[in-house]
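Here's the structure we're looking at; comments come further down.
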Amino acid sequence: MISEKENQRISKFLSLVLRHQPESIGIRLDENGWVDPELLIFKMNQHGFNMSFEILDYVVATNNKKRFAYNESRTLIRASQGHSVNIELGYESKKPPAILYHGTAERFSESILKTGLDKQSRQHVHLSIDVEIAISVGKRHGKPVIFEVASEAMFADGFVFYLSENKVWLTDHVPVKYLKLGFTEIKG
Ligand code: HQG
């Protein structure tokens, strides 16, 4: 179909336009983040890509984090989470597991321990059920550290959580009192 390198190049570009800068290729996301795949393919082909429905389907299906999803009728496509543009994903709130994890860089930990986890430029704070995933997320920013989030206690106190279609836990903010810095001896 396409090489793994090309698959990743397309996936990175889809993340850019479906999460952050749709206007960079002249598309507009609807209020829930969706866009017509035919228009997306057309516009990407004007911006250095060789896209078709088959290639888009392949990238969506093989993406390692299942970052993109079609609606049921496959007439629309969007990123399942990670947006900085202001859209409403429309996920139902859900009770989280007892503990969730957030991976970040060591250099951010002092600030996080002062003000809690903020969503920064994105629409939500991203949390995972899996420590390994949190470590890989943290590594994107530098030497990784992991925060344990007392998500069950937060939920009991009235905080709202969402589970994205690709199984990332989302919330607005995590105050310091629900955070515990752990796993500081991560190698690599
Ligand atoms: C940090 C990837 C200082 C936060 C991943 C993080 C994820 C603070 C950075 C998704 C802070 C924001 C999101 C505070 C938070 N002081 N630093 N008070 N509060 N931070 O990239 O969670 O591969 O916006 O710890 O898998 O790293 O793109 O968020 O380090 O699910 O699909 O500010 O992106 O998914 O960084 O990553 P980001 P993130 P994809």
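Quick note: the coordinates plus some simple rules give every number you see, no bench work behind them. Keep in mind the model is a prediction, meaning the values are calculated, not measured. Here the Cβ positions follow ideal geometry from the backbone for every residue, glycine too, while neighbour counts run over all protein chains shown.
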**Q.** For q = 0.10, 0.14 Å⁻¹, Debye-computed log10 I/I(0) when each Cα of the chain counts as one equal scatterer
**A.** -0.45, -0.83
(Q) Per DSSP helix of 4 or more residues, -39500 (n - 2.57); summed, then divided by the residues of the chain. What does that give at 222 nm, rounded to the nearest 500? (A) -8000 deg cm²/dmol
Q | Computed P(r) (all Cα pairs; the range 100-181; 10 Å bins; percent) | A | 19, 58, 22, 1
Q: For the range 4-79, report the translational diffusion coefficient in µm²/s to the nearest whole number, using Stokes-Einstein at 10 °C, 1.306 mPa s, and a Kirkwood Rh over Cα pairs.
A: 130 µm²/s
Q) When the Karplus curve 6.51 cos²θ - 1.76 cosθ + 1.60 is applied with θ = phi - 60°, which whole-Hz ³J(HN,Hα) does each residue of the range 62-69 get, with x for Gly and Pro? A) 9, 4, 5, 10, 6, 5, 10, 9
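Calculate the dipole size of the chain relative to its Cα centre from +1 charges on Lys and Arg beta carbons and -1 charges on Asp and Glu beta carbons; express the result in debye to the nearest 20. Present the calculation step by step, with values, prior to reporting the outcome.
Numbers: 24 positive and 23 negative charges, 118 e Å.
Roughly 560 debye, rounded to the nearest 20.
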